[in-house]
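Everything on this sheet refers to the single structure shown next.
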Amino acid sequence: MHLYCTLFDRNYLTRGLALHGSLSRHCREFRLVVLCLDEAVSDVLTALALQNVEVVPLSSLEDSDPELKRARPQRLPVEYYFTCKPALMKFIAHRYPDTRRITYHDSDLFYFSDPGFLEREHADDAIVLTPHRFPPRLADRIRFGRFNAGWVSASCGAEGRRFIDWWRARCMEWCRLEVQGDKFADQRYLDRVPDLFSHVSILDHPGANLAPWNLDEVDIRQSGDSVAVDGKPLVLFHFHGLRRVLYRLYDSGLHGYGVNLSPLVRRSIYRPYLCDLALAERRVSRLSADAQSILAADRGMPGPRQSLSRIRLALRLIASGTAIVGP
């Protein structure tokens, strides 16, 4: 069984549900452990009773890790969420002592095909990291880290657990949303991992953790009903920067990386994801009036003061060719 984990608050609820949906579609056996960063997420997930999902309230993690709880008042919410990643992995390793591997996912990741072959290829590796693969024109972004902390996999053997403990300790010491020397949030610590640990593998599959920052460096083609990246199947896409701007209009997040939204990427990558987000929204909306209120901030319906700025942003995105209309 594949043991995955993620975390999100109400703002990323539909993304978390879409991640689960994609796992259900492409993985035969898995368990997704979700750290609920607010009570609203916990309430919704409990009500939905999703298959293969274990709900972990934030209070449970904090009770098991008092040092984590003490760090919370000292950090911005997003910095605290970053700090929670390795703490969650450690929590799960103790909770499931017989599991072989734990893989952390940011909640805005989405599977397009079965990742089983990747798991088999790296079954004997203690740690598996995904490189950002920045193109030369984005080389300056290496200051944020060589590896992406949105997907990190560790075995539950001695070396994997040693890495999880080390990463957690570093994040407890310092985890800021700024570049400071050789540090950035939880992410740049990963640059040190290949030199500090044994049996570290760097995932070189072009279709694993494909993202806005490396999208224009690969050859993307339709292959039957699936998408091929440099001749290999698209496994996992990272929808970093995607946000709803106005009603059904979304910012794809590509403009900030100087990437065009091609018809193929629009049709075969972004549209399926937006359809799953819409499906997740409908499922939550059917629960209760309280559940509907959770989605209000993400529905792209601005108040009078926000309307003009949202319209201006929408026009800029349309002009840049990186806007996309959802279902």
How far apart, in nanometres, would the label points at residue 25 and residue 100 be if each is projected 7 angstrom from Cα along the Cα-to-Cβ direction?
2.7 nm
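Sort 269-279, 217-227, 104-114 by the packing proxy (mean of other Cβ within 10 Å over each peptide's residues), most packed first.
104-114, 269-279, 217-227
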Subtracting the Cα-Cα distance of residue 179 and residue 159 from 0.36 nm times their residue separation yields 4.4 nm
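Report the FRET efficiency, 1/(1 + (r/R0)^6), for residue 285 and residue 320, where r is their Cβ-Cβ distance and R0 is 30 Å, rounded to 0.05.
On the way: r = 31 Å, r/R0 = 1.04.
The formula returns an efficiency of 0.45 here.
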As computed over segment 2-241, the Cα convex hull volume per residue (Å³)
126 Å³
Subtracting the Cα-Cα distance of residue 63 and residue 169 from 0.36 nm times their residue separation yields 36.4 nm
Going by average Cβ density within 10 Å per residue, which order do the peptides 252-260, 173-181 take, highest to lowest?
252-260, 173-181
Just to verify a number: FRET efficiency for residue 119 and residue 46, C-beta to C-beta distance, R0 = 30 Å, to 0.05?
0.55
Cα-projected label distance for residue 311 with residue 226, points at 7 Å along beta-carbon direction, nm
4.6 nm
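A short reminder: the numbers here are calculations on the coordinates, not readings from a lab. Here the structure is a predicted model, which means the values were calculated and not measured. Cβ atoms come from the backbone with ideal geometry, glycine included; neighbour counts cover every protein chain shown.
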